[in-house]
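Down below is the structure, laid out as structure tokens.
Computed from the coordinates by the stated procedures, all read-outs in this text should not be read as laboratory data. Remember, it's a predicted structure, so these values are computed and weren't measured experimentally. Note that we place each Cβ from the backbone using ideal geometry, even for glycine, and neighbour counts take in every protein chain shown.
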Amino acid sequence: MVNPTTVPAALVLLDFQQGLTAIPDAADPPPLAAAVAEHGVLDKAAAALATARARGLTVAHVRVAFEAGHANRTNRTPRFDDHEAAGRFLLGSAASEFCTEVAPADGEPVFSKGSVAAFASTTLERALRVRGARTLFLAGIATHLAVESAAREAADRGFEVVVLGDGCTAPDQGLHEHAITQTIPLFAEVIDTDGLGQRLDAVTG
């Protein structure tokens, strides 16, 4: 039995994994790698993670990682067909490993998804409910895909959603900016990571 935390909020980190940010010593880094490095996204996410842990939030880690036989795959788009055909993001592969800067600590739940959004192919919602989370803080990659999809889903499921804008990025900065300034604010609040502590004061106060 999981005991709920005393803080009714959670930090959900989305797709911070080596196959999207750069596998160490890889000759051909993925398209997101340059943007993650240029904008210091892992450092921002790590700072948010440290704050969340210090303040007693639930922390959940979500990644793209396919089970044997791709049993957990729910997304049926050609892009996911390509992932399956190429054998990408298999559980246990380097591509599915979390980045060391934001690696899960003991006891922090990990969810392996076969979808773009975080809820469709996982038990994330149940885990958050059991732990008493009502407000979700999101950071991850890519902004216009995993982050926006998770924010939309979470809002529809009744969570208050806050996206840490500088803790996200996309392969093209225009896609990131459009998501952060135009679409995500329709159903979530957007703040910078250095405002997380103050925002948490409002949640817990």
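Some notes on this structure:
- Sorted by Cβ density within 10 Å, fewest first, the residues Glu67, Glu38, Glu125: Glu38, Glu67, Glu125
- Based on Cα contacts under 8 Å between residues 6+ apart, the range 9-204 shows a relative contact order of 27 percent.
- Remark: Leu20, Leu200, Leu145 ranked as Leu145, Leu200, Leu20, counting other beta-carbon atoms within 10 Å and listing the fewest first.
- Here's the picture: a label point sits 7 Å out from the Cα of Asp201 along the beta-carbon direction, and within the range 36-62 nothing has its amide nitrogen under 11 Å of it.
- The trypsin sites (Lys or Arg not before Pro) of the range 103-205 meeting both criteria, a DSSP state outside H, G, I, E and B (loop) and at most 15 other C-beta atoms within 10 angstrom of the site's C-beta, are Arg134, Arg157.
- Helix-only CD estimate at 222 nm, as mean residue ellipticity for the chain, using -39500 (n - 2.57) per DSSP H run (n ≥ 4): -9000 deg cm²/dmol
- DSSP beta bridge pairing in the range 9-204, given as percent antiparallel to the nearest 5: 5
- With Rh defined as the Kirkwood radius, the inverse of the mean 1/r over Cα pairs, the Rg/Rh of the range 9-204 is 0.94.
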